[in-house]
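Worksheet: one structure, shown below.
The values are calculated or read from the model by the stated rules, or taken from the named source; none is laboratory data. All values derive from a computational prediction rather than experimental measurement. So basically every Cβ, Gly included, is an ideal-geometry build from the backbone, and we count neighbours across all protein chains shown. Note: areas computed on protein heavy atoms with side chains; ligands, DNA, RNA excluded. Shrake-Rupley method; radii C 1.70, N 1.55, O 1.52, S 1.80 Å.
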Amino acid sequence: GIQVEQSPPDLILQEGANSTLRCNFSDSVNNLQWFHQNPWGQLINLFYIPSGTKQNGRLSATTVATERYSLLYISSSQTTDSGVYFCAVELSTGTASKLTFGTGTRLQVTL
Amino acid sequence: DTEVTQTPKHLVMGMTNKKSLKCEQHMGHRAMYWYKQKAKKPPELMFVYSYEKLSINESVPSRFSPECPNSSLLNLHLHALQPEDSALYLCASSRTRTVNEQFFGPGTRLTVL
């Protein structure tokens, strides 16, 4: 099956710092989503980004589908950004679509 | 409204109990999903329903039984679970199974004693 690897696995930032999270995937995909999982387990949609670049406030994402990677940029990090960031790729198997999650990046933002 | 609700938030059950997890969405989505997430791991797909019909079963043991009574509701019936089934169970929905931006509920944290 498809492999979805994220880096780094763990990241500690001081409040106000910037960071880049990477998602590599091993096969062609139909779509890609980025999620933030907060400490209570809720998965929050950040971006639905099959290709190109999108921005939402302090966050932006870029997917280069032809090179099989996506990047999530977090600028001016805040303590509320702490949690686990997942990318998830959508495969179409002909009769149904499946979302396969990456390995995750655990982010801690400190004061 | 991009809300998916799940009940209960927490569930503790014995290995001989029967319980059900419930998921509801009112976004008019026609695809709904169950995922299982163990601690410090990514969510893993269990089932996909498309237009109230089971579309994907990821070889899930029969002690987990999904049900989709209508387009807004998704249940997961649990029977004779094992302690290793303890996990966070997440429900999601999308407009259709091919228009697939998925929105997740808050999850049910299940403990099997």
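Annotations for the structure displayed:
- Close contacts from the stretch B:17-31, counting a first residue that is under 17 Å from B:ASP85 (Cβ atoms) and a second that is exposed (fewer than 14 other Cβ atoms within 10 Å of the Cβ), with Cβ to Cβ under 7 Å and a gap of 6+ residues or different chains, come to B:SER20/B:HIS77.
- All positions within the stretch B:76-113 that are more than 11 Å from every other protein chain (Cβ to nearest Cβ) and touching an Asp or Glu at 6+ places or on another chain (Cβ under 6 Å): B:VAL112
- Leading residue by the ranking (farthest from the other protein chains (Cβ to nearest Cβ)) among those in the stretch B:29-40 that are open to solvent by 60 Å² or more (accessible area, probe 1.4 Å) and within 26 Å of A:TRP40 (Cα to Cα): B:LYS38
- Top-ranked residue in the stretch B:6-28 [being more than 15 Å from B:PRO69 (Cβ to Cβ), open to solvent by less than 80 Å² (accessible area, probe 1.4 Å) and not aliphatic (A, V, I, L, M); ranked as nearest to the other protein chains (Cβ to nearest Cβ)]: B:GLN6
Okay, residues lined up against (1) charged (D, E, K, R); (2) touching a residue at least 60 places away in the same chain (Cβ under 8 Å); (3) touching a strand residue (DSSP E or B) at 6+ places or on another chain (Cβ under 6 Å):
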position	(1), (2), (3)
A:SER7	no, yes, yes
A:LEU13	no, yes, yes
A:ASP27	yes, yes, no
A:LEU32	no, no, yes
A:GLY41	no, no, yes
A:GLY52	no, no, no
A:GLY57	no, no, no
A:GLU67	yes, no, no
A:SER82	no, no, yes
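- Residue within the stretch B:54-75 that is open to solvent by less than 10 Å² (accessible area, probe 1.4 Å), free of Cβ contacts under 8 Å to residues at least 60 places away in the same chain and either facing chain A (nearest Cβ under 8 Å) or over 13 Å from the mean Cα position of the chain (by Cα) (or both) present: no
- Restricting the first member to the stretch B:41-52 and to residues that are more than 7 Å from chain A (Cβ to nearest Cβ) and open to solvent by less than 70 Å² (accessible area, probe 1.4 Å), and the second to residues that are modelled with pLDDT of 95 or more and assigned to a loop (DSSP other than H, G, I, E, B), the beta-carbon pairs closer than 7 Å and six or more apart or on different chains are B:MET46/B:VAL60; B:PHE47/B:VAL60.
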